[in-house]
2 protein chains.
Amino acid sequence: MRILITAGGTSEKIDDVRAITNHSTGQLGCLIAEAFLTQEITVDYVTTAQALQPAAQEELTIYTIDDTHSLAEMLDSLLQQHTYDAVIHSMAVSDFSPVQSLSQEQFLDKINQLIVRQQPVTKEDLQLFSESTQAKETKISSNTDQLYLVLNKTPKVIQQIKQRQPETMLIGFKLLVDVPKEELISVAYQSLQKNQATYVLANDLTSIHNGQHHGYLVNQNGEVEAEATSKGQIAQLIVKAVTKHV
Amino acid sequence: MRILITAGGTSEKIDDVRAITNHSTGQLGCLIAEAFLTQEITVDYVTTAQALQPAAQEELTIYTIDDTHSLAEMLDSLLQQHTYDAVIHSMAVSDFSPVQSLSQEQFLDKINQLIVRQQPVTKEDLQLFSESTQAKETKISSNTDQLYLVLNKTPKVIQQIKQRQPETMLIGFKLLVDVPKEELISVAYQSLQKNQATYVLANDLTSIHNGQHHGYLVNQNGEVEAEATSKGQIAQLIVKAVTKHV
């Protein structure tokens, strides 16, 4: 039995010294990996340099990525090399990646280019703000009172998984912040359907603190099949769901 | 003798799960702290939860901050409580902090508000982009093809230091990326003058790799007083400069 786990959070470069990061300690991913490894299941573990990593052992291979692009390439390569019984995608992946940064002067200049045309601005015109004004800077100058960052949506990496391996069991994660339980379950279910997942672990940031971590395992009927109140319990839920299913 | 060291990199929240971070492992700060501690000098060490930290010992106290605002408060409090012989400010501090995030629709709407006035847009009008469009979101929705982030310049925390303690010896850091040596030294010297530092350690990201770390200690005459090629050597340079000076 071979399992692929992603954990930690991606980081998208703004310049050579700054990045937009998605918070994730990687602690939950470690516990999930360790729970599988205890049962002598082979684990391929994709994570970032900043995240906590499970202790080295024979059945474990760790692969390190940084941004959404390198994650997509790594998953592509692993899914071509191996057949996985299950993929547990717990990594917090950036939804947006910076494409342009503008000083106040550069931003003003672009707006005034649109103003002189004297006609309403459409979505297509916004392309102007993504176009570079000069050679790409290696470090953004701090010589402006305000900075404007333009970010593009990143491709949904999770959708690659079932496309590459329709037979694998996919467990996704959905983290929201301070929403009613019904909304959390409903959004998790939508994500399950969109990504052809078998389960989605739904959790709310406001229910993660002091060792507590409330999680709901949402199934393909949109129901909460199981519930956990700590990271350790979530790891156990997932191992149980996978070993029962495959 | 009592020394204040800042190390690591600040992180500015975009929402509850995303942040703009300044890369810094904190490794150099650890080596500097350890070099002072070896000489039984008391060290107050301000860093972030993500950065490497020196091993616990009697003369060392660690203070943890996350963003520029909490760094400013912490320094203010420490500089009021203690008199420092020297402050070594090696932390990578964010120059900008997010104040607003706009979806494509929200951004378009604001631009069109400016367009209907049929007059050139000035810096003052840009205020519109910082104004909130709705209750602050706890997690930015990914339901837009592009995202626009407006960031304000953060106050220069380093300037507080000599204002609070004119007698302390301040060592600043200047990291640039891929510039000629002359430019690096000149920018470091400007920063020294602006912040009333005694020395600035100038370094270029392209000269930091594989254990190598090229650094120039720029003095109050704008000259390179000493040079180092590793983090350990930089730590030694700084300890020597401080113990000679105070």
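No value in this document is a laboratory result; all are computed from the given coordinates. Keep in mind that what you see is a predicted model, and the values were worked out from it rather than measured. Here the Cβ is made from the backbone with ideal geometry for all residues, glycine too, and neighbour counts use every protein chain on show.
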- Here the net charge surrounding A:Q146, from other residues whose Cβ is less than 15 Å away from its Cβ (Lys, Arg +1; Asp, Glu -1), is -4
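Once you charge only the Cβ atoms, +1 for Lys and Arg and -1 for Asp and Glu, what is the size of the charge dipole of the protein assembly as shown about its Cα centre, to the nearest 20 debye? Mind dumping the intermediate values first?
On the way: 36 positive and 58 negative charges, 68 e Å.
Using only the charged Cβ atoms, the result is roughly 320 debye.
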- Before rounding to the nearest 500, sum -39500 (n - 2.57) across all DSSP H runs of length at least 4 in the protein assembly as shown and divide by the residue total; then give [θ] at 222 nm in deg cm²/dmol. -9500 deg cm²/dmol
- Task: Sketch the reach of a paramagnetic label on B:H82 as a point 7 Å from Cα along Cα-to-Cβ, and name the residues of the range B:166-193 whose backbone nitrogen lies under 19 Å away.
- Result: B:166-172
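How many Cβ atoms of partner chains, on average, are near each residue of B:91-104 if near means within 10 Å of its Cβ?
Working: counts 0, 2, 0, 2, 9, 10, 1, 3, 1, 2, 3, 1, 0, 3.
Neighbouring Cβ atoms belonging to other protein chains average 3 per residue here.
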- Item | For residues of A:175-185, the mean tally of beta carbons on other chains within 10 Å | 2
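Please give the contour-minus-distance gain from A:S186 to A:E227: 0.36 nm per residue of separation, less the Cα-Cα distance, rounded to one decimal in nm. The partial results should precede the final answer.
Numbers: separation 41, 0.36 × 41 = 14.76 nm, distance 1.54 nm.
The span from A:S186 to A:E227 would gain 13.2 nm if fully extended.
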- Expected vector for the range A:226-241, Karplus 3J(HN,Hα) from phi with 6.51, -1.76, 1.60 and θ = phi - 60°, integer Hz, x for Gly and Pro, equals 7, 9, 9, 10, 8, 4, x, 5, 4, 4, 5, 4, 5, 4, 4, 4
- Size of the dipole of chain A about the Cα centre, Lys and Arg at +1 and Asp and Glu at -1 on the beta carbon, nothing else charged, in debye to 20? 300 debye
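Could you sort the peptides B:208-215, B:105-112, B:3-10 by per-residue average Cβ neighbour count (10 Å cutoff), highest mean leading?
Values: B:208-215: 14.1, B:105-112: 17.5, B:3-10: 26.8.
Listed from highest to lowest mean packing, they are B:3-10, B:105-112, B:208-215.
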- Message: Whole angstrom only: what separates the Cα centroid of the range A:146-196 from the Cα centroid of the range B:1-74?
- Response: 35 Å
- When you look at the Cβ of every residue in A:114-122, what mean number of other chain Cβ atoms sits within 10 Å? 4
- For the protein assembly as shown, how big is Rg over Rh, using alpha carbon atoms and the Kirkwood form of Rh? 1.00
- Summarise the long-distance tail of P(r) for the range A:97-153 by giving the % of C-alpha pairs beyond 18 Å. 34 percent
- Query: Anyone know which of B:A19, B:A55, B:A33 comes out most mobile in the 10 Å Cα GNM of chain B?
  - Reply: B:A55
- Item | Qualifying lysines (Cα of each under 18 Å from Cα of B:K194; at least 8 residues distant if same chain) | B:K153, B:K156, B:K162, B:K174
- Distance in nm between label sites at A:H209 and B:S130, each 7 Å beyond Cα in the beta-carbon direction? 3.0 nm
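Please compute the Kirkwood hydrodynamic radius of the range A:146-246 from all pairs of different C-alpha atoms, in Å with one decimal. Working shown, then result.
Numbers: mean 1/r = 0.0684 Å⁻¹.
With all distinct Cα pairs of the range A:146-246 included, I get 14.6 Å.
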- What is the list of residues in the range B:22-59 whose amide nitrogen lies under 16 Å from a point 7 angstrom out from the Cα of B:Q236, following Cα to Cβ? B:31-39
- Message: Taking the Cα of B:E40, stepping 7 Å toward and past its beta carbon, and measuring to each backbone N in the range B:223-246: which are under 20 Å?
- Response: B:239-240, B:242-246
- Provide A:T21, B:T122, B:T42, B:T68 in ascending order of the number of other Cβ atoms located within 10 Å of each residue's Cβ, fewest first. B:T122, B:T42, B:T68, A:T21
- Task: Please compute the Cα-Cα pair-distance distribution of the range A:34-173 with 10 Å bins starting at 0, giving whole percents from short to long.
- Result: 9, 29, 23, 17, 15, 6, 1
- How big is the equivalent ellipsoid of chain A along its three axes, where each semi-axis is √(5λ) from the Cα gyration tensor, reported in whole Å from largest to smallest? 38, 20, 17
- Task: State the answer as a single residue: which of A:F173, A:N152, A:S141 lies farthest towards the positive end of the charge dipole of the range A:103-199, with beta carbon charges of +1 for Lys and Arg and -1 for Asp and Glu, about the Cα centre.
- Result: A:F173
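At a temperature of 4 °C and a viscosity of 1.567 mPa s, determine how fast the range A:42-116 diffuses translationally according to Stokes-Einstein, using the Kirkwood radius over alpha-carbon pairs as Rh; express D in µm²/s, rounded to the nearest whole number.
Rounded, D is 82 µm²/s.
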- Size of electric dipole in the range B:97-153: Cβ of Lys, Arg +1 and of Asp, Glu -1, about Cα centre, debye, nearest 20: 180 debye
